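J.: This structure is in structure tokens; I'll ask about it shortly.
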Amino acid sequence: MIDPAALISDTADGPFRVDRSLFTDPAIFDLEMRHIFERSWVFLGMESQVAKPGDMLTTWLGRQPVLVTRNVDGKLSALLNSCRHKGARLVQTEHAHASLIVCPYHAWTYALDGQLRGIKDRASGCYAKSFADESHDLLALAQVDSYRGMIFGTLDPDERPLSEHLGETRPLIDLIMDQGEHGMELVPGRTAYMFDGNWKLQVENGMDPYHLTSTHGSFIHIVAQRTAAVTAMAAIKSRDFRETVTANGGAFGFEHGHGAVWIDNHTPEQKPINLTIDALRDRVGIARAQWMLNFRNLVLFPNVQLADSESLLLRVIRPRSVDRTEMRLYCLAPIGEPAAARTMRLRQHEDFFNASGLATPDDSAMYEECQIGFAAAGDCLQGYDRGIGATTRTPDEAAISLGIRPCENVSGPFKIQSELQYRPFYREWRRRMSEGLSRDSTAAAEAAE
Amino acid sequence: MTPHDLVITEAALLDERRWDEWLELYSVDCVFWAPAWIDEERPTTDPLAELSLIYYTSRDGLSDRVDRIRSGTSLASTPLARTAHAVTGLRTLADDGCRCRIASSFGVDVLDVRTQRSHRLFGRYRHDLVKIDDRWRIAEKYVLVLNDLLPGVVDVYSI
């Protein structure tokens, strides 16, 4: 019997330990799908991907195929992408545009909001009278909502509103979405790749400052070499981590499972937005413009990451099984940014974030090695101990400057390379898993009576 | 070396890890371009405004890769995957004696020796060659990787 609370050892101002079965037990994976992905707010896509009535996108909420549509009245619907007749996936492509949803199997037809509009040859089908009394509308997610163009959905009608779930992370999302005077867009072209490791390895790595100088030693060396030799590649101005390690930085832990890390940026010329920095400062103010230049990684519970560091990345984690994960990467950019900025942004994204770049492959290799290493018997608890000695529970100077109230934070020299930012994720994991198991066992007991 | 020989030789040099000779096949200001996919039907076509897998406008981009492979500090590159390129269906699309364009298909079997897992990357090449000092050199290599959900390491030696 899995006891989530027993798998997380959480002592205030002390060791924080997570049992490695979280990464290796297929039973825990199934429970995560059920109690985390099929209950929490899960990122579904960007509003800009379904901008016009009739636009549709397909995605996943845990194991469940989802269809997001823009209705004629401008509202979004988030539906289960499965025909009510025989279950066939209704829209098979990443994007589609149509005024009705028609199943290719037996042509059952639905409106964009999921309401049944037609059954082929219904009149001649000799259906039982009771058939008309049942709803054959597409099943919908319980809630769909968006924040700053990011669409989220949940299967749980009782889940707290999205604004509450995102909570204090919203100003950090704003720091990204306000970079474009005319809004933000996804650059055409997306990449996807697999790794043989548990999805939570990526959750962590998306806010891990500690691995930069070791895992990405080869990237740091290549960038340094480009600068020293002034090669043609120096023009893309990829981030020089040698500057990073002497800067100040910090970490935030947020309620509801989110985490973030930040580092001061002493090489602003490395960022595409620096090309229009005067206009940016005029529009958002000097302090916010500086925060936009600073490096920030935000990880929203459970599975979406925004990295504003080496280019601006939107990264979605799709767990496939306990030791297999699918990643989907998009480049976010200000609409109408200068061509030179766009080109720089793309080259940096390709250099660092792409699975075909000089950094992400080393992360994926590392996850796979962790997954292999997890099979070692012996001490099954792993710790998240860095930064704990300097953690405070009132907003620090960085938090105040950002206008956020994290539940805990740490800041100082980059070399702290905090691990506090992982703790909210596992606390929220523990809460949802425990509540979920308890709900299931109550339901089973009631059913037995 | 004829243009067709060069295309085949390039693949062999990668499999044999003869990096310096491989780099020498490229002109200094070469373009190496592997687009990304927009959706099921369309790859990106404008590398200045749309995402690519790899886009370089200088041989320095390729030599950076070789340096990283040799560094010993990239876990994805050490130990290095074993690769076997199969380049087929070579067609000369244009040849005026100074410049030529060769289209072909490729398949690369890649064995990740760390995990003993293999995968295959496949697609189409378009090589634009120029005569420099009486030798054919690669001015542009366009690599359309038909895989979309990438199964493992994608680097200049595995596509």
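The values are calculated or read from the model by the stated rules, or taken from the named source; none is laboratory data. This structure is a prediction, so every number in the text was calculated from the model and none was measured. For neighbour counting, all protein chains shown are included, and Cβ atoms are generated from backbone atoms with ideal geometry for every residue, glycine included. Remember, those area values only see protein heavy atoms, side chains included, never the ligands or the DNA or RNA. Shrake-Rupley method; radii C 1.70, N 1.55, O 1.52, S 1.80 Å.
J.: For segment A:53-87, which positions are under 29 Å from A:GLU32 (Cβ atoms) and surrounded by fewer than 15 Cβ atoms within 10 Å (Cβ to Cβ)?
T.: Matches in segment A:53-87: A:ARG63, A:LYS86, A:GLY87.
J.: Is it true that some residue in segment B:38-55 is assigned to a helix (DSSP H, G or I) and in contact with a helix residue (DSSP H, G or I) (Cβ under 8 Å, 6 or more places away or on another chain)?
T.: No: zero hits.
J.: Next question, about the same structure. Can you go through A:ALA375, A:ALA359 and tell me which one is open to solvent by less than 10 Å² (accessible area, probe 1.4 Å), in contact (Cβ under 8 Å) with a residue 60 or more places away in the chain and under 28 Å from A:ARG324 (Cα atoms)?
T.: Every option except A:ALA359 fails the conditions.
J.: Please determine whether any residue of segment A:12-28 is under 20 Å from A:ASP323 (Cα atoms) and assigned to a strand (DSSP E or B).
T.: Within segment A:12-28, one or more residues are under 20 Å from A:ASP323 (Cα atoms) and assigned to a strand (DSSP E or B).
J.: So is A:LEU186 touching a helix residue (DSSP H, G or I) at 6+ places or on another chain (Cβ under 8 Å), within 14 Å of chain B (Cβ to nearest Cβ) and buried (at least 17 other Cβ atoms within 10 Å of the Cβ) or not?
T.: yes
J.: Can you tell me which residues in segment A:328-350 are surrounded by fewer than 22 Cβ atoms within 10 Å (Cβ to Cβ) and over 18 Å from A:GLY180 (Cβ atoms)?
T.: Listed by number, the list holds a single entry, A:ARG328.
J.: Is it fair to say A:ALA279 is part of a loop (DSSP other than H, G, I, E, B), on the phi < 0 side of the Ramachandran plot and aliphatic (A, V, I, L, M)?
T.: Judged against the criteria, A:ALA279 is not a match.
J.: Considering only residues that are open to solvent by less than 10 Å² (accessible area, probe 1.4 Å) and more than 8 Å from chain A (Cβ to nearest Cβ), which ones fall in segment B:29-69?
T.: B:CYS30, B:PHE32, B:LEU62, B:VAL66
J.: Give the residues of segment A:291-306 that are within 18 Å of A:ALA247 (Cα to Cα) and touching a residue at least 40 places away in the same chain (Cβ under 8 Å), sorted by residue number.
T.: Correct list: A:TRP291, A:MET292, A:PHE295, A:ARG296, A:ASN297.
J.: Out of all the residues in segment A:299-356, which are of a type in the set (Asp, Glu), within 12 Å of chain B (Cβ to nearest Cβ) and assigned to a loop (DSSP other than H, G, I, E, B)?
T.: A:ASP323, A:GLU337
J.: What number of residues in segment A:193-250 are outside any helix (DSSP H, G or I) and of a type in the set (A, V, I, L, M, F, W, C)?
T.: Count: 6.
J.: Still on this model: Do the conditions hold for B:PRO79, that is, is it out of contact with any Ser or Thr (no Cβ under 9 Å at 6 or more places or on another chain), more than 7 Å from chain A (Cβ to nearest Cβ) and either in a strand (DSSP E or B) or at pLDDT 95 or above (or both)?
T.: When the stated conditions are applied, B:PRO79 passes them.
J.: Select from segment B:117-159 the residues that are assigned to a loop (DSSP other than H, G, I, E, B) and among the small types (Gly, Ala, Ser) and write down the one among them that is nearest to the other protein chains (Cβ to nearest Cβ).
T.: B:GLY152
J.: Checking the conditions here, which among A:GLU449, A:GLU408, A:GLU428, A:GLU419 is surrounded by fewer than 17 Cβ atoms within 10 Å (Cβ to Cβ) and charged (D, E, K, R)?
T.: Exactly one residue qualifies, and that residue is A:GLU449.
J.: Do we have any residue at all in segment A:35-48 that's touching a Gly at 6+ places or on another chain (Cβ under 7 Å), open to solvent by 50 Å² or more (accessible area, probe 1.4 Å) and part of a strand (DSSP E or B)?
T.: There is no residue in segment A:35-48 that is touching a Gly at 6+ places or on another chain (Cβ under 7 Å), open to solvent by 50 Å² or more (accessible area, probe 1.4 Å) and part of a strand (DSSP E or B).
J.: For segment A:195-204, name all the residues that are open to solvent by less than 20 Å² (accessible area, probe 1.4 Å) and more than 9 Å from chain B (Cβ to nearest Cβ).
T.: If the condition is that a residue be open to solvent by less than 20 Å² (accessible area, probe 1.4 Å) and more than 9 Å from chain B (Cβ to nearest Cβ), then A:GLY197, A:ASN198, A:TRP199, A:LYS200, A:LEU201, A:GLN202, A:VAL203 are the ones that fit.
J.: Kindly provide the set of residues from segment A:214-239 that are crowded, with 17+ Cβ neighbours inside 10 Å, more than 11 Å from chain B (Cβ to nearest Cβ) and farther than 21 Å from B:PHE32 by Cα, ordered by number.
T.: A:ARG239
J.: Exactly one condition in (1) crowded, with 19+ Cβ neighbours inside 10 Å; (2) not in a helix (DSSP H, G or I) is not met by A:ILE273; state its number.
T.: Every condition holds for A:ILE273 apart from (2).
J.: Output yes when any residue across segment A:91-108 is small (Gly, Ala, Ser) and closer than 30 Å to A:VAL322 by Cα, and no when none is.
T.: No, the conditions are met nowhere in segment A:91-108.
J.: Additional query: Can you confirm whether A:ARG117 is open to solvent by 90 Å² or more (accessible area, probe 1.4 Å) and within 30 Å of A:GLU185 (Cβ to Cβ)?
T.: no
J.: If I filter segment A:19-73 down to residues being among the charged types (D, E, K, R) and within 17 Å of the chain's Cα centre (by Cα), which single residue comes out as farthest from A:THR93 (Cα to Cα)?
T.: A:GLU32
J.: Now for a separate question. Among A:ASP308, A:ASP323, which is the only one that is acidic (Asp, Glu), closer than 24 Å to A:PHE425 by Cβ, modelled with pLDDT of 95 or more and open to solvent by less than 10 Å² (accessible area, probe 1.4 Å)?
T.: Residue meeting the stated conditions: A:ASP308.
J.: Can you confirm whether A:ILE222 is over 21 Å from A:LEU358 (Cα atoms) and out of contact with any His (no Cβ under 9 Å at 6 or more places or on another chain)?
T.: no
J.: Further, regarding this structure: Given the criteria out of contact with any helix residue (DSSP H, G or I) (no Cβ under 7 Å at 6 or more places or on another chain), within 17 Å of B:MET1 (Cα to Cα), of a type outside the set (Lys, Arg) and surrounded by 14 or more Cβ atoms within 10 Å (Cβ to Cβ), does B:ALA139 qualify?
T.: Against the criterion (out of contact with any helix residue (DSSP H, G or I) (no Cβ under 7 Å at 6 or more places or on another chain), within 17 Å of B:MET1 (Cα to Cα), of a type outside the set (Lys, Arg) and surrounded by 14 or more Cβ atoms within 10 Å (Cβ to Cβ)), B:ALA139 qualifies.
J.: Still on this model: Restrict the check to segment A:382-394 and report whether at least one residue is among the hydrophobic types (A, V, I, L, M, F, W, C), under 29 Å from B:THR73 (Cα atoms), part of a helix (DSSP H, G or I) and open to solvent by 10 Å² or more (accessible area, probe 1.4 Å).
T.: no
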